[in-house]
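Asker: Dropping a structure here in structure tokens format, bear with me for questions.
Derivation of every value follows stated rules applied to the coordinates shown; laboratory data play no part. Just so you know, these numbers come straight off a predicted model, no measurement behind them. Glycine also receives a Cβ, built like all others from the backbone with ideal geometry; neighbour counts cover every protein chain displayed.
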Amino acid sequence: MHDYNTILGVIELRLSKVSYDSVQKRYRIGRSGIALIMNRYKDSGLSLDDLRQMPASKVVDLIYPKENLRHKDIPLPDFEKIHEQMIQMGKHADLSFRK
């Protein structure tokens with residue numbers, strides 16, 4: 001997670017067509033971090049001036065929301081079924097995947 005100044009700096013430089021390499025060197029941030037900031041900025045539909053008028057914490061929450069967007073749609077395993085299978089295995093139970 002990056003701070004408010006880094007987020008705005010990255011957006012401003014990329015909107016000015018500054019290369020990824022220059023942005024990386026200036027803010028010590030990887031390409032995936034730059035891409036994430038820019039994608040979430042574009043998805044927000046806000047302008048750079050809109051972001052500058054927002055409180056710093058709101059900008060950070062916009063780019064790095066509290067809920068993890070990357071893992072939102074991944075379902076949890078069926079722990080009851082796993083537990084039942086382990087009980088059926090008895091003393092030979094292990095956590096490796098078997099059908």
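Asker: Could you order the peptides 10-16, 39-45 from most to least packed, using the average number of other C-beta atoms within 10 Å per residue?
Answerer: The packing order, highest mean first, is 10-16, 39-45.
Asker: As I understand it, the value is the acute angle between the Cα axis of helix 31-44 and the longest principal axis of the Cα atoms of the chain; what does it come to in degrees, rounded to 10?
Answerer: That works out to roughly 80 degrees.
Asker: Let me ask something else. Given a 10 angstrom Cα cut-off, can you work out which residue in GLN53, GLN85, GLN24 is the most mobile in a GNM of the chain?
Answerer: Comparing GLN53, GLN85, GLN24 in a Gaussian network model of the chain, the most mobile one is GLN85.
Asker: Which one, TYR20, ASN5, PRO55, is farthest towards the positive end of the dipole of the chain when Lys and Arg carry +1 and Asp and Glu -1 on their Cβ?
Answerer: Toward the positive end, the furthest listed residue is TYR20.
Asker: Also, quick follow-up: Only one of the values [x] 48; [y] 58; [z] 52 was calculated from this structure for percent of Cα pairs over 18 Å apart; name its label.
Answerer: The value matching this structure is [y].
Asker: Using a simple charge model, +1 on the beta-carbon of Lys and Arg, -1 on the beta-carbon of Asp and Glu, nothing else, what dipole does the chain show about its Cα centre, in debye to the nearest 20?
Answerer: In total the dipole reaches around 400 debye.
Asker: On to the next question. How much length is gained if the chain between MET89 and MET38 is pulled fully straight, taking 0.36 nm per residue apart and subtracting their Cα-Cα distance, in nm to one decimal?
Answerer: 13.4 nm
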